[in-house]
Each structure stands twice: as structure tokens, then as C-alpha cells.
């Protein structure tokens, strides 16, 4: 079985990024898998605490494993594979649950806490995950988040309270270095101008590309860009070149799902069979995911 660490190393070698897409329905999973299979690239499937509760944590693990069994190729680190991330996990109990099930990555998010408290709680999560990984003889990557960028994947009317949108509030390279060194995390999600969600009537803020470059130099571990929905293609490519290895997309998927479903129901007003309504929705999501994967993997 290939590992997420190997896939990230391959991406860094090629100066590309792995797409991370959150799901809350099996139709979203199918659309993402189709796009990844078509382009023969690895992707990360993200499920937050709420999404895991809705789908069933063991059920989503089994569905992802079934795609890998049918379409995956373990002989290469670059081809199609679905990795599974326990996204934005806030409690140590949920950290343990995801590790026991067998997730490839767990993001322990204590970014709303003060710096020292974030370190303290993240260290606890790292200890729990590493202990389980050793017992299972399995790799589980641990991500920490430093700098608050919001918590909702939705359409925004204004910047959420407390979100870092000014350069002086962005993650500082020296703080990132301390955070990584003291916690022992494998991946870091910094605040560099990114915001969870998409603005309803405006473009998302620009990324601080130089800050990404400085943080990468300071920590020397893979960086993760959260809040990717609404960011410009230009900023995505610059961020990848500056050191971003994984890019999260969630709100964009939710928005396409909603619009696609509304259009499909309008076109089939009397239809009650889901399998006759949902294919069009899946197709719309697949188009968006393919566009993002082409950009992140620099595929023409």
C-alpha cells in the first residue's frame, strides 16, 4: 500500500500539490474519485467531525478503501489513490477514534486557542496518534494548525470574527518553527491570507506568498493551504511554488452540489428516483474537481 507521506514527497519533487476535497455525500465522493481516476492522480478525501458523524466514520473508511481496491495502483506514488483525512478534529476523543479506524491523516485543530495552549493540546494529540500508529504498524500523518482562519465552509457576507486577515496577524515563521519543533507534527496549516468559506459578493483575499515561502523555510515540513475555495488560480500556482503541498477545497464543492441539485430537480420535476436525478449533480461536481486537479498538478 502506498503512503500519503510518499505521495507528498512525490508532489514536492514535481513542484505540484495534492488536492484535498471535503465530502458529506457519497455522490461527492464518486465525483471526486472519477476526476482523480481520469487524471490518474492521488487525492485526499477530507471529512470533518460533523461530516464523519453524518456519514459514519467506519462507513466512509470502507467506501474509500473500495475505490482504492478497484482502481488503485500500489506500484507508483504518483497515480490514482484516495487518502483519508480526519479534517478539523477538535477533541482528543475524536482524534483517537479516527486513528483507531485507520485514517491516513488527522488534523488536530486547536487554532482558536492561545499559542502555548495550542502547543500543549496538539502535543497530546500527537502522542495519542503516534501510539496508535505504532501499535497498528501503520503510518498516520498528524497536522496542526497555527493561525485562525475561520471554521465554516459556507458563503460569507463578511470576514468572520477573529480571522487573521492582516499581515501582522498571519502565522509568523518563528512561531511556526517553535510550534512544529515542540509538537512533533508532520504537516502544518498556517494562516497566510486564506479564509474558510467563499465571499458571496467579492473575491477572497490574496495570499501572502512571501510569508508562505518564509514559513516553509523555517519549518521544513509540508505546508497545507486551508480555505482554498475562492482563491485565484494565480495565487494557487504561486503558493505551490512557494511551498504548499496540499490544498483544501470544501465550500466550492458544496456550492456546486447545491446548484447542480436545484437544476436537476427543475429539469426532472416529477422524478422521485435518486439515481435518475443525481448523475447530473455528480457530473457538475466532477467538472469542478477536474479543473482544480489539473491546476494543482499542472496538467494541461
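Bear in mind that the values in this text are calculations on the coordinates, not laboratory data. Since this is a predicted model, take the numbers as computed values, not measurements. For neighbour counting, all protein chains shown are included, and Cβ atoms are generated from backbone atoms with ideal geometry for every residue, glycine included.
Report, to the nearest 10°, how far helix 251-267 tilts away from the longest principal axis of the Cα atoms in the chain, using its own Cα long axis and a range of 0 to 90°. Rounded to the nearest ten degrees, it is 10.
Modelled label positions at residue 294 and residue 258, each set 7 Å beyond Cα in the direction of Cβ, lie 2.6 nm from each other.
Counting only alpha carbon atoms, the long axis of helix 26-39 and the longest principal axis of the chain meet at about 80°.
With the convex hull of the Cα atoms taken as the outline of the chain, the averaged projected area works out to 15.2 nm².
Residues 186, 62, ranked from the fewest to the most other C-beta atoms within 10 Å, line up as 62, 186. Using alpha-carbon pairs under 8 Å, 6+ residues apart, how would you state the relative contact order of segment 4-296 in percent? Once divided by the residue count of segment 4-296, the mean separation gives 20 percent. If you sort the three axes of the alpha carbon gyration tensor as a ≥ b ≥ c, you get a/c of 1.5 or more for segment 1-117 and a/b no higher than b/c, which makes it oblate.
A helix-only calculation puts the chain at -16000 deg cm²/dmol for mean residue ellipticity at 222 nm, using -39500 (n - 2.57) for each DSSP H run of at least four residues, averaged over all residues. The slack between residue 271 and residue 217, meaning 0.36 nm per residue of separation minus the straight C-alpha distance, is 13.9 nm. Relative to the dominant Cα principal axis of the chain, helix 57-71 is inclined by about 70°. Put in order of Cβ neighbour count within 10 Å, fewest first, the listed residues 3, 89, 251 become 3, 251, 89. Each part reduced to its alpha carbon centroid, segment 41-86 and segment 234-281 end up 18 Å apart.
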